[in-house]
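The values are calculated or read from the model by the stated rules, or taken from the named source; none is laboratory data. These numbers come from a predicted model, not from an experiment. FYI the Cβ positions are ideal-geometry reconstructions off the backbone, even for glycines, and counts take in every protein chain you see. Just the protein is used for accessible areas: all its heavy atoms, side chains included, with ligands, DNA and RNA removed. Shrake-Rupley method; radii C 1.70, N 1.55, O 1.52, S 1.80 Å.
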Amino acid sequence: MDGKAYIASLDDGRRVYVGGRRVGNVGTDPAFAGMVAKIAATYDHFHHDPRARDAFMTPPTDAEGMRAQAALHVDGLSHATYTSLMTLLTAADRIAAARPQAREAVAAYVAEVRAKDLRVVECITDAKGDRSRPPALQDDRDAYLRVVARRPDGIVIRGAKLHISLAAVAHEMMVIPTKAMKADEGDYAVACMVPANAPGVSIVDVGNGEAPAGADPRDFPYASRDSNSQGFVIFHDVFVPNERVFLDGETKLAATFAHALGLWVRASSMIHICDSYDVMVGLAQLIAEANGLERIEHIKSKIAEMAINATLLRGTLEASMAHATRLEGGVLAPDEVFTNAGKYHGAAQYGTMVRHLLDIAGGSAITAPSVRDLENPEVGELVRKYMGTKQSVDGAYRTQLFHAVHDLTTSAHGGARYVGILQGGGGLHTQAVVTRGRYDMARAKRMALESFGWKDPSEESALAAE
Ligand SMILES: Cc1cc2nc3c(=O)[nH]c(=O)nc-3n(C[C@H](O)[C@H](O)[C@H](O)COP(=O)(O)OP(=O)(O)OC[C@H]3O[C@@H](n4cnc5c(N)ncnc54)[C@H](O)[C@@H]3O)c2cc1C
């Protein structure tokens, strides 16, 4: 598909709602114009060439390929598509012994997505009801998406998936369980693919930190470029044919899909967080220089702490690729411990990065006049004069710096970015659980014992047994 074909493909009868109204055609509705134009442009400029499309949808085979892959995910939707396909390939590989037919079904599905140049979003997070109760003990049995009927030709599913990035503008929904399921939760152990326009699917688009209506994009440089709206996706008795069902009822395999998605989403968001960290270090230094404070001790030490965080985070990202492991089906998967520990650190320290940046920037981060004020023939020159700090620092340039800081941190977009980094791919707790579970604890315990001259008791008993 090129951009034009992508826009036309969205006029497929899907049920999308925004701000309380039903959208006729997502491809041409003004509410989606910015996002659709951006995705259409990447179809035209990056993926229309079949070689580019193949590169973007083909699993990399080495760390260099993984880095190159990241550069191809120029919009959120190609990013979600790649993550979804990698999740399916990884999960199919891990469950192949118990459900060999899943590997074939996934391979056929991935080939279809590539051939038709489709875009896929990840539907994992359920409504979840009362968080303290498992799916089968909820007051409303649909709080977790489940199979409500089985037919010879397929299944019927019911439930909702929340916070689904870019659902309204995608072609396909990858529906997978959000967590491990117990033996009596077979109806909830379901993984399948659903087209966005399938009967019974409704997508309530809730936006996600866009620039205010009518705002000048120069005042909101990130919101006007990087906002990906979120979908509240309802599956009300949706039929899914057998060939699109990868898991149905095998509770022991349910967690495999969630773990595979967690790995790929966190690996992808690490790239995004690393870039955000470096941008924040750069902005802090630029503002410090523009304010004439770059040699002041407390400013230097705050920027040093930001740079240390950015460097350690990028080091973890690099380590996750350098220690990648090859799955049986050939997919190279990033290392789980480095990925989860890195994502945790990136999300947990994000607040510190924002604090230092805002501390260094001063109040103009939220009170700088707009770029249009600067251009006003009556007041513009005076605004520019007082926003300047010295001859080498133009008031217009310094104003633009403050708009960048504002939009990255405290605007609606900045807030959405923070929540996205904290919760996207699962909250902090989920990364802590995976890191502790996969960390080489036996090695750490052995090292601890050896550090004070104690023999590992398990080695002692092995020797005694000999
Ligand atoms: C910008 C953004 C984009 C997203 N994109 C997607 C997407 O594309 N696809 C998708 O499927 N999801 C997506 N998510 C959802 C994301 O994965 C969830 O927000 C996250 O997993 C947390 O779930 P929740 O929002 O329901 O919060 P909750 O589950 O209510 O969690 C809130 C807090 O309660 C804790 N908690 C919850 N249950 C328990 C429990 N039983 N025991 C102990 N502690 C508990 C959590 O650890 C957390 O600290 C996105 C989220 C955001 C913000």
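Identify the residue in segment 203-220 that is among the aliphatic types (A, V, I, L, M) and more than 16 Å from the ligand (Cβ to nearest atom) and, among all such residues, is modelled with the lowest pLDDT.
My answer is ALA213.
Spot the failing condition for ALA412; the list is (1) of a type in the set (A, V, I, L, M, F, W, C); (2) surrounded by 14 or more Cβ atoms within 10 Å (Cβ to Cβ); (3) away from the ligand (no atom under 16 Å from the Cβ), and only one is missed.
Of (1) of a type in the set (A, V, I, L, M, F, W, C); (2) surrounded by 14 or more Cβ atoms within 10 Å (Cβ to Cβ); (3) away from the ligand (no atom under 16 Å from the Cβ), only one is false for ALA412: (3).
If ASP153 meets every condition in (1) within 16 Å of the ligand (Cβ to nearest atom); (2) surrounded by fewer than 18 Cβ atoms within 10 Å (Cβ to Cβ) apart from one, which number is that one?
The failed condition is (1).
Answer yes if at least one residue in segment 371-381 is open to solvent by 60 Å² or more (accessible area, probe 1.4 Å), in contact (Cβ under 8 Å) with a residue 12 or more places away in the chain and farther than 27 Å from GLY214 by Cβ, and no otherwise.
no
Scan segment 384-409 residue by residue and report those that are loosely packed, with under 15 Cβ neighbours inside 10 Å and polar (S, T, N, Q).
Within segment 384-409, GLN391, SER392 meet the criteria.
Consider segment 415-447. How many of its residues are within 11 Å of the ligand (Cβ to nearest atom) and of a type outside the set (Ser, Thr, Tyr)?
17
Working only within segment 258-288, note down all residues that are open to solvent by 50 Å² or more (accessible area, probe 1.4 Å) and basic (Lys, Arg).
Looking only at segment 258-288, we keep the residues that are open to solvent by 50 Å² or more (accessible area, probe 1.4 Å), and these are 259, 271-272, 275, 278-279, 285-286.
Selection gives nothing.
Determine if segment 24-32 includes at least one residue that is within 24 Å of PRO221 (Cβ to Cβ) and in contact (Cβ under 8 Å) with a residue 24 or more places away in the chain.
yes
Would you call GLY351 under 31 Å from the mean Cα position of the chain (by Cα) and over 24 Å from ALA63 (Cα atoms)?
For GLY351, the condition - under 31 Å from the mean Cα position of the chain (by Cα) and over 24 Å from ALA63 (Cα atoms) - is met.
Can you confirm whether segment 238-257 contains a residue that is in contact with a strand residue (DSSP E or B) (Cβ under 6 Å, 6 or more places away or on another chain), crowded, with 21+ Cβ neighbours inside 10 Å and part of a loop (DSSP other than H, G, I, E, B)?
There is no residue in segment 238-257 that is in contact with a strand residue (DSSP E or B) (Cβ under 6 Å, 6 or more places away or on another chain), crowded, with 21+ Cβ neighbours inside 10 Å and part of a loop (DSSP other than H, G, I, E, B).
Can you pull out every residue in segment 223-237 that is within 16 Å of the ligand (Cβ to nearest atom) and not in a helix (DSSP H, G or I)?
If the condition is that a residue be within 16 Å of the ligand (Cβ to nearest atom) and not in a helix (DSSP H, G or I), then SER227, ASN228, SER229, GLN230, GLY231, PHE232, VAL233, ILE234, PHE235 are the ones that fit.
Can you name every residue in segment 122-147 that is more than 6 Å from the ligand (Cβ to nearest atom), crowded, with 20+ Cβ neighbours inside 10 Å and either in a loop (DSSP other than H, G, I, E, B) or of a type in the set (S, T, N, Q) (or both)?
If the condition is that a residue be more than 6 Å from the ligand (Cβ to nearest atom), crowded, with 20+ Cβ neighbours inside 10 Å and either in a loop (DSSP other than H, G, I, E, B) or of a type in the set (S, T, N, Q) (or both), then TYR144, LEU145 are the ones that fit.
Could you list, in sequence order, the residues of segment 92-121 that are within 27 Å of SER229 (Cα to Cα), open to solvent by 70 Å² or more (accessible area, probe 1.4 Å) and hydrophobic (A, V, I, L, M, F, W, C)?
Within segment 92-121, just ALA115 meets the criteria.
Quick one: ALA183 ticks every box in (1) among the hydrophobic types (A, V, I, L, M, F, W, C); (2) part of a loop (DSSP other than H, G, I, E, B); (3) buried (at least 20 other Cβ atoms within 10 Å of the Cβ) bar one, so which box is it?
(3)
If we only count helices (runs of 4 or more DSSP H) wholly inside segment 268-371, which ones have 3 or more residues that are among the charged types (D, E, K, R) and over 30 Å from ASP216 (Cα atoms)?
The qualifying helices (runs of 4 or more DSSP H) are 297-322.
Scanning segment 191-202 for residues that are crowded, with 24+ Cβ neighbours inside 10 Å and within 14 Å of the ligand (Cβ to nearest atom), which turns out nearest to GLU112 (Cα to Cα)? Steps first, please.
So the first thing to find is which residues in segment 191-202 are crowded, with 24+ Cβ neighbours inside 10 Å, and the list is 191-193, 196.
Retained after the next criterion (residues that are within 14 Å of the ligand (Cβ to nearest atom)): 191, 196.
Numbers: ALA191: 17, ALA196: 16 Å.
Filtering segment 191-202 for residues that are crowded, with 24+ Cβ neighbours inside 10 Å and within 14 Å of the ligand (Cβ to nearest atom), the one nearest to GLU112 (Cα to Cα) comes out as ALA196.
Identify, from the list THR430, THR435, the residue that is assigned to a helix (DSSP H, G or I) and open to solvent by 40 Å² or more (accessible area, probe 1.4 Å).
None of the others qualify; the one that does is THR430.
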